[in-house]
Structure formats: structure tokens, C-alpha cells
Amino acid sequence: MIFYDVAFIIFSILYIPFAFFKKGKRVFNLRPRFGVDLTGLKGQMDSGKNIWIHAVSVGEVMVLGPFLDKIKSELAGARIVLSVTTKTGYEIAKKNFSEKAAILYSPVDLSFVVRRFFNAIRPDILIVVETEIWPNLLAEAKKRSVPVVLINGRISHRSFKRYVMAKPLLIPTLKKIDLFCMQGAVDAARIIAIGAQKQKVEVTGNMKFDAVITVVPDQDYRIKMGLGEKDILLVAGSTHKGEEKVLLEAYESLKREFDNLRLLIAPRHVNRAGEIKKLTKNIDGVFVLNTMGHLKNIYAAADIVFIGGSLIPHGGQNPIEPAYFARPIIFGPYMFNFQSIKEALLKEKAAIIVKGAEELKEAVKSMMRDTKKAKAMGFFAKKAIDQGRGATARNFAAIKNILLRVKR
């Protein structure tokens, strides 16, 4: 792994200035990622089962709530360490899971750094979330006979193309993973195609379906927005640059026929709220969400939901929350980051795909003209989510089975 270490160091030297430039995207205090402050952890990991879970960012961290609860309730005395790569992911983990796990920044994938983390954590099992393939991390686990399980695994179409080109380098690394718990059949086929051993691959489902969704009580956003009983609220959730113009074009056209239509735009990055407000300056009935943490409540208040990040090649955003609240859903053609959820919704006829302003207008129009159809779509959206549940339990069962065979 010496060649890899050298290559990684060269890459890091080139990348660090870029990371600093992209403020807020990655960790800037590098001390935790080099394992400088692990002394206090060592004394906590002396006996019993030590479980190390590694996730990258917010999306991967947020699926872990029910999984951590399962570990705590069924594996008495187990200690959990959750390592996270990004600053936002780390902050979310600290806020939500500090009582269930020790929260750390993930190690830089250099052999001497990774060894330092293994010495402190002394894991009985290493669990990686989605597709975190770090050669030194996996090599060190193999050296110490620590089983490695990948949970909620997925490989997008875009990532698959890159992995195929790197297949000769990936095969020896993938061999170090003991079990691949993949979200769907396509993900399983792709991980096998890039070098995973078929007998180690299982389809266990998408843990995002198991998310526990709650709204803030006594927060009726329809009243806050001054909406009447007959007003129809179209919520565009987690939108990205370029999508707002399409939404506003469709909305202005729809308003000529449906005066009771209102639009709320919730940008994925709230710092874009100002530029979006400028676009809506002379358009009546448009709200722009400029705070974080309220989108679940907004979805609960919606009549129709558009999923952002799907009209551009971003890959979409998570549609589970509006589906949970039984809302009819519209999204663009680019939902590859949520492929299994997209397929489940389309199978139940709970969502409509649109390619631009005209198709978006027609989709909203059809729901407003036929409210029974819109209500049925919402019902089937909720049904799709309920049917998709169970991945957390299946993944936990597989991990528990492996842990029972582990001896200190």
C-alpha cells in the first residue's frame, strides 16, 4: 500500500486548497482526521463488542437512527463509534446520535493514520454505509481479521461508469469486504460487475424507507402562510440552480387558470434564497423558504410536491418525506441517486416524471382538475413507502449473525 499512500499524499496536497475554497463542504480542522485526539476513546473500548460505523455525510448519517436503536436494544453492552467525513454530517451526527455513539471525524486514508484509529477503537466489526471503498481502511481491517460489512449499498449509473474503468484496482479491495447488503437488484448486479464476489452480495433493501419522520407539533404552516381552505399549495423541495426558472414559468401559466394556486420554493442550499426572491419579486403567491429544518413540516402542509435536483443531472433529492405524508409527487428525469425509491413510486403510479415547464404545468393541472386522482396518488405514495420498509432489520440481522462468530 506504499504506492497508494504516496499517491494519496500527492492528491491531498493538491486537493486541500480546493477544499478550503469550497467552504463548508469538507472538514477544515485536519487534526481529528489524523487521529490526534483519540486518547480519551481508548479507555472506553476495553471490553465487549465494539462496532465501528463509517458514513460520509448527512444523507448516510440520517438513515442510521433506527439502525443505532436496533443495536442498542438488541446488543447489550455494545459500544458504537460513528465516523463521518463531512463537517455537516459530523454536526448532524453530534446533534442526533451523541447519546448512542462516540462521534468522530473519519480517518484520512493513509496506512499509519488508519492504524491509529484501529488501535483506539479496537473494532469487532467495521460497517460502511452506502459505497465507501477506502483501500487502507479495508486493508487494515483484513490484517486484524475484523469483518467488514457494507450496508445500504448503492452504485449510481454515473459512479458505475467510473468504477468499471478502475475495476482491476477495485477487485483486491472489494475482496476484503465480507458482506455487501445492497439496496436493489441493479446495485447488486453493478457491485458484482466491478469485482465483488457473488456469494457475498445480498439485496436487503433501502434503509431510507425505514426513516422515522416526525413533524414539529403546533406548527401549522398553512395558517402561517395565510392559506385558505380552497388554496392549493405546490411545494418545490430542495431545488437547485436553474430549476426555479422552470418552476416559475409553469406556475405563472397555471395561475391564469387556477387563481387559488400557491407556490413555495425551498432551495437545497438556503443561501440561495436571496437570488430566488429576486426571481419571484413581481410574481404573486410565491413563498421562498430561507431556513433549515422546516421542510418536513412544509411537505405535511403541501397539496402537491415537486422534488428538486431532478430537472438537472444532479440525481434528485429524497422523496420519502412527501410520500410519507401521502402527497402526490412530481419529479424530473434525473432521479438516479434515489433509483429504488423512484421505481417504487412509479410502480404504484404515485409519481409523474416531467422534462420541463410545459410537462410540469400539465402534471399540476391534471392534479388540480382531478383531486380524486391526486389523493389516490398520495395514498399509493404512502403505500410504496410502507412496502419498502424492513431493510434496517435485515441488515441488523446479517451483522448480528457475523458478530456472534467474532471472538476477542
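Give me the log10 of I(q) over I(0) for the chain at q = 0.07, 0.09, 0.14 Å⁻¹, as the Debye formula computes it from C-alpha points; what are the numbers?
-0.37, -0.60, -1.27
Greater than 22 Å separation of Cα atoms is the criterion. Which listed pairs, Lys87/Lys200; Lys347/Lys383; Lys296/Lys342; Lys161/Lys347; Lys70/Lys382; Lys49/Lys208, meet it? Before the final figure, lay out each step's value.
Details: Lys87/Lys200 32 Å; Lys347/Lys383 11 Å; Lys296/Lys342 19 Å; Lys161/Lys347 26 Å; Lys70/Lys382 24 Å; Lys49/Lys208 26 Å.
Flagged as over cut-off: Lys87/Lys200; Lys161/Lys347; Lys70/Lys382; Lys49/Lys208.
In debye to the nearest 20, how big a dipole does the stretch 221-388 give about its Cα centre with +1 on each Lys and Arg Cβ and -1 on each Asp and Glu Cβ? Don't skip to the end; give the middle numbers.
Numbers: 27 positive and 19 negative charges, 40 e Å.
Result for the stretch 221-388 is approximately 200 debye, rounded to the nearest 20.
Among Arg262, Arg31, Arg115, which one shows the highest mean-square fluctuation when the chain is modelled as a Gaussian network with alpha-carbon springs under 10 Å?
Arg31
For the peptides 276-289, 141-154, what is the packing order when you average, over each peptide's residues, the other Cβ atoms within 10 Å and list the highest mean first? Walk me through the numbers on the way to the answer.
On the way: 276-289: 15.4, 141-154: 20.7.
Most protected by this proxy first, the peptides run 141-154, 276-289.
Would you please classify the overall shape of the stretch 92-229 from the alpha carbon gyration tensor, given that a ≥ b ≥ c denote the square roots of the eigenvalues, rounded means a/c under 1.5, and beyond that prolate means a/b larger than b/c while oblate covers the rest?
Because a/c hits 1.5 or more and a/b fails to exceed b/c, the stretch 92-229 counts as oblate.
Considering the chain as a Gaussian network with a 10 Å cut-off on Cα pairs, which listed residue, Asp303, Asp386, Asp37, attains the greatest mean-square fluctuation?
With Cα springs under 10 Å in the chain, the top fluctuation among Asp303, Asp386, Asp37 is at Asp37.
Taking amide hydrogens as modeled 1.01 Å from N in the peptide plane, which residues meet the under 5 Å criterion relative to Leu104, leaving out close sequence neighbours?
Amide H neighbours of Leu104: Leu82, Ser83, Val84.
Would you list Met182, Met335, Met292 from fewest to most Cβ contacts within 10 Å?
Numbers: Met182 28, Met335 23, Met292 9.
Ordered by Cβ neighbours within 10 Å, fewest first: Met292, Met335, Met182.
Would you mind ranking Val61, Val164, Val186 by Cβ crowding within 10 Å, fewest neighbours first? Intermediate results must be reported in sequence, preceding the final value.
On the way: Val61 27, Val164 13, Val186 18.
Final ranking by Cβ density, sparse to dense: Val164, Val186, Val61.
Could you state, as a whole-number percent, how many of the C-alpha pairs of the stretch 221-388 are farther apart than 29 Å? Can you show the working numbers first?
Numbers: 1322 of 14028 pairs.
For the stretch 221-388, the fraction of Cα-Cα distances above 29 Å is 9 percent.
Based on the Cα atoms of the stretch 68-140, what semi-axes does the equivalent ellipsoid have, where each is the square root of 5 times one gyration tensor eigenvalue, given in whole Å with the largest first? Mind showing how you got there, number by number?
On the way: eigenvalues 88, 49, 25 Å².
Each semi-axis is the square root of five times an eigenvalue, giving 21, 16, 11 Å.
I'd like to compare 388-395, 96-103, 295-302: which one has the highest average count of other Cβ atoms within 10 Å, and what's the full order after that? Let's see the in-between values first.
Details: 388-395: 19.8, 96-103: 16.8, 295-302: 21.2.
Taking the mean over residues of other Cβ atoms within 10 Å, the ranking is 295-302, 388-395, 96-103.
Give the separation of the Cα centroids, the stretch 308-352 to the stretch 129-178, in Å.
That distance is 27 Å.
Counting helices only, and only those DSSP H runs with n ≥ 4, report the 222 nm mean residue ellipticity of the chain as the sum of -39,500 (n - 2.57) divided by its residues, in deg cm²/dmol to the nearest 500. Don't skip to the answer; put the middle values down first.
Details: 19 runs with 186 residues, N = 408.
Calculated from helices alone, the mean residue ellipticity at 222 nm is -13500 deg cm²/dmol.
Between Val36, Val235, Val113, find the one with the highest GNM mean-square fluctuation for the chain; connect C-alpha pairs within less than 10 Å.
Looking only at Val36, Val235, Val113, the biggest GNM fluctuation is shown by Val36.
Bear in mind these aren't lab numbers, they're just calculated from the coordinates by the rules spelled out. Computed from a prediction, not measured in an experiment: that's the story for all the values here. Cβ atoms come from the backbone with ideal geometry, glycine included; neighbour counts cover every protein chain shown.
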